[in-house]
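Shown next, in structure tokens, is the structure this report addresses.
Here, each number is a calculation from the coordinates, and none is a lab measurement. What you see is a predicted model; the values in this text were computed from it and never measured. Glycine gets a Cβ as well: all are built from the backbone with ideal geometry, and neighbour counts include every protein chain shown.
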Amino acid sequence: MSVETISLSGRKKEVSNKKMNFWESLYLVAIVKGLFITIRHLFTRKVTIKYPEEVRELSPVYRGQHMLMRDDEGRERCTACGLCALSCPAEAITMKAEERKPEEMHLYREEKYASIYEINMLRCIFCGLCEEACPKQAIYLTKSRMMVKSNSDRNDFIYGKDKLVMPLEQAINNSKVKMAN
Ligand code: SF4
Ligand code: SF4
């Protein structure tokens, strides 16, 4: 077999440079063929959806916006151990640890807590390894469809505790639901 006739896909076609006859030069057959292809596609299954009126069902393994969790008493679970930052392949997480004061017992569950906890959303690839690494079940990737809001300032993509920590009301509601069950 010569090199010219090898086709990996099996769809290779030789292009003919022969001179067109009168009927071919009118392109009528080519136009009808093209229309037939268009009409055929009207009856095939559509892969597009009318977003935002229609939304796709999320995959069971979908990972959205991160959340720093609170326990049943509303205290932050994170102890600033740094394992999430170490396991992050994108090096997107930074934090600063501080020691809890006696009067802060109601705020933080452990003796050490993250006074600063930041995720650079421009780096994050939503792999979920931070969640896997956390020994305190303090960080979760939620099912939120809104992953990262668009913005024109790079600094606004660094999410701090104001955006990441679970709202207190949500923690209280979760605890009420648990008690009711
Ligand atoms: S989801 Fe992955 S990339 Fe994003 S912060 Fe967590 S470990 Fe890093
Ligand atoms: S989120 Fe978890 S792994 Fe990350 S610093 Fe806090 S306790 Fe450690």
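Work out the FRET efficiency for residue 51 and residue 156 from their Cβ-Cβ distance, taking R0 = 25 Å, and round it to the nearest 0.05.
0.55
Using R₀ = 25 Å, calculate the FRET efficiency as 1/(1 + (r/R₀)^6) where r is the Cβ-Cβ separation of residue 137 and residue 103; round to 0.05.
Numbers: r = 25 Å, r/R0 = 1.02.
So, using R0 = 25 Å, E works out to roughly 0.50.
What number results when the radius of gyration of the range 39-181, computed over Cα atoms, is divided by 2.2 N^0.38 Å?
Taking N as the residue count of the range 39-181, the ratio is 1.30.
Using a Förster distance of 45 angstrom, determine the FRET efficiency expected from the C-beta separation of residue 174 and residue 7, and round it to 0.05.
So the FRET efficiency works out to roughly 0.15.
Counting helices only, and only those DSSP H runs with n ≥ 4, report the 222 nm mean residue ellipticity of the chain as the sum of -39,500 (n - 2.57) divided by its residues, in deg cm²/dmol to the nearest 500. List each step's numbers first, then the result.
On the way: 6 runs with 46 residues, N = 181.
After summing the helix terms and dividing by the residues of the chain, the value is -6500 deg cm²/dmol.
Sorted from fewest to most neighbouring beta carbons within 10 Å, what does the list 168, 107 look like?
Lowest to highest Cβ neighbour count: 168, 107.
For 118, 14, what ranking results if the residue with the fewest other Cβ atoms within 10 Å of its Cβ goes first?
Exposure proxy ranking, most exposed first: 14, 118.
Would the range 1-123 count as rounded, prolate or oblate if I go by the C-alpha gyration tensor, calling it rounded below 1.5 in a/c and otherwise prolate when a/b exceeds b/c, oblate otherwise?
Note, shape of the range 1-123 comes out prolate.
Quick one: net charge of residue 86's neighbours, Cβ under 14 Å, K/R +1, D/E -1?
Local net charge: -3.
Of the DSSP beta bridges with both residues in the range 23-181, give the percent that are antiparallel, rounding to the nearest 5.
DSSP beta bridges in the range 23-181 are roughly 85 percent antiparallel.
Tell me which aspartates and glutamates have Cα within less than 18 Å of residue 136's Cα, excluding those fewer than 8 residues away on the same chain?
List returned: 71, 72, 73, 76, 98, 99, 110, 111, 118.
Among the lysines, select those whose C-alpha is under 26 Å from the C-alpha of residue 149, and discard any that sit fewer than 8 residues away in the same chain.
50, 96, 161, 163
Sort 111, 57 so the one with the fewest other Cβ atoms within 10 Å of its own Cβ comes first. Before the final figure, lay out the partial values.
Values: 111 10, 57 6.
By the 10 Å Cβ count, ascending: 57, 111.
Give the cysteines in the chain for which no other Cys Cβ lies under 4.7 Å away, or write none if there are none.
For the chain, the answer is 78, 81, 88, 124, 127, 134, because their Cβ atoms have no other cysteine Cβ under 4.7 Å.
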